[in-house]
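Here the structure is laid out as C-alpha cells; the discussion comes afterwards.
No value in this document is a laboratory result; all are computed from the given coordinates. Note that this is a predicted model, so its numbers are computed, not measured. Using ideal geometry, Cβ is built from the backbone for each residue, glycine included, and neighbour counts are taken over all protein chains shown.
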Amino acid sequence: MIMNPFNDQVEAMVLQCQFTAYLDFRIGADFRLFIEADNIDAKFVDIKPYFKSSVNIDKLNRRVHLISSMAVGYLNAMLDEGLVLPVSQTYTKCIKDPRVRTYDQFVYIDAQPDFENCEFKTDHEFQGIR
C-alpha cells in the first residue's frame with residue numbers, strides 16, 4: 001500500500017507483488033543453518049491506483065528487475081552468520097555429519113548416529129529403576 005504524499009492517512013495505491021527466492025541450504029557441525037540466496041524473482045501482479053497515475057505494471061516490473069540483485073546481496077548479508085537451530089546438546093553429542101535437504105517446500109535436517117560420544121542408558125536407568 002502506498003500512501004498519499006500530501007496526506008499520509010489516505011491511500012494512493014495498492015500494489016500486489018509476487019516474490020520467489022532461490023535458496024541454497026547447508027548446515028554446520030555446530031547445527032547452525034546457513035542459507036544463501038542465488039536469485040530473487042519479483043514481479044508486480046496487480047496495481048490499483050486511487051488517483052490518475054502514469055505508473056503501470058510493466059514500468060514497475062522493469063524497475064523491480066533492476067533492484068533484485070541488490071535484494072540478493074542484502075538477504076545474504078542478513079543471513080551470513082547462519083541461524084542457530086534449537087537442538088539440545090543431549091542430542092547433538094550423539095549425532096554427527098548433519099545434512100540438510102529440501103523437498104516439496106520443506107527443509108529436512110538429519111544426521112548420522114555417533115555411538116562413540118553418546119552416553120547410553122538402559123531401559124531401567126531411563127525409567128528410574130535401579
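Other residues whose C-beta falls under 11 angstrom from the C-beta of Ser68 contribute a net charge of +1, scoring Lys and Arg +1 and Asp and Glu -1.
Put a plus charge on the Cβ of each Lys and Arg, a minus charge on the Cβ of each Asp and Glu, and nothing anywhere else: the dipole of segment 9-130 about its Cα centre is then about 620 debye. Scanning the chain for cysteines with no neighbouring cysteine C-beta under 4.7 angstrom from their C-beta gives Cys17.
Computed extension gain for Leu79 through Ala12, at 0.36 nm per residue and net of the alpha carbon distance, reaches 20.7 nm. Inter-label distance, Glu116 to Asn4: 7.2 nm, where each label sits 7 Å from its Cα along the C-beta direction.
For a Förster distance of 25 Å, can you work out the FRET efficiency between the beta-carbons of Ala21 and Ser88, rounded to the nearest 0.05? The formula returns an efficiency of 0.25 here.
Per-residue ellipticity at 222 nm computed for the chain from its helices equals -7000 deg cm²/dmol, with DSSP H segments shorter than 4 residues left out and the rest contributing -39,500 (n - 2.57).
Among the trypsin sites (Lys or Arg not before Pro) found in segment 11-54, those both in a DSSP coil and sparsely packed, with 16 or fewer other Cβ atoms within 10 Å of their Cβ, are Lys52. Comparing Phe44, Phe31, Phe106 in a Gaussian network model of the chain where C-alpha atoms under 10 Å apart are linked, the largest mean-square fluctuation is found at Phe106.
Looking at segment 11-119, the GluC sites (Glu not before Pro) that sit in a DSSP loop and have at most 16 other Cβ atoms within 10 Å of their own Cβ are Glu81, Glu116, Glu119. Across the chain, the relative contact order, built from alpha-carbon pairs under 8 Å that are at least six residues apart, equals 20 percent. Evaluated with a Cβ-only charge set (Lys, Arg +1; Asp, Glu -1), segment 56-103 carries a dipole of roughly 140 debye about its Cα centre, given to the nearest 20. Overall form of segment 1-70: prolate. Here a/c, set by the Cα gyration tensor axes a ≥ b ≥ c, is 1.5 or more, and a/b is the larger of a/b and b/c. For segment 50-119, the residue among Ala77, Pro98, Gln112 whose Cα projects farthest onto the positive side of the dipole built from Cβ charges is Ala77. Number of Lys-Lys pairs in segment 2-126 with C-alpha atoms under 25 Å apart and a separation of 8 or more places or on different chains: 5.
Measure out, as a whole number of angstrom, how far apart the alpha-carbon centroids of segment 1-36 and segment 89-109 sit. What the calculation gives is 26 Å, centre to centre.
Taking Cα atoms, how many degrees apart are the long axis of helix 57-78 and the longest axis of the chain, rounded to 10 and kept between 0 and 90? That works out to roughly 30 degrees. Calculated from the structure at hand, volume of the Cα convex hull per residue in Å³ is found among (1) 187; (2) 123; (3) 158 as (1). Between Ala12 and Ile2, Met3, Asn4, the built amide H atoms are under 5 Å apart, and every one of these is 5 or more places off in sequence or on another chain.
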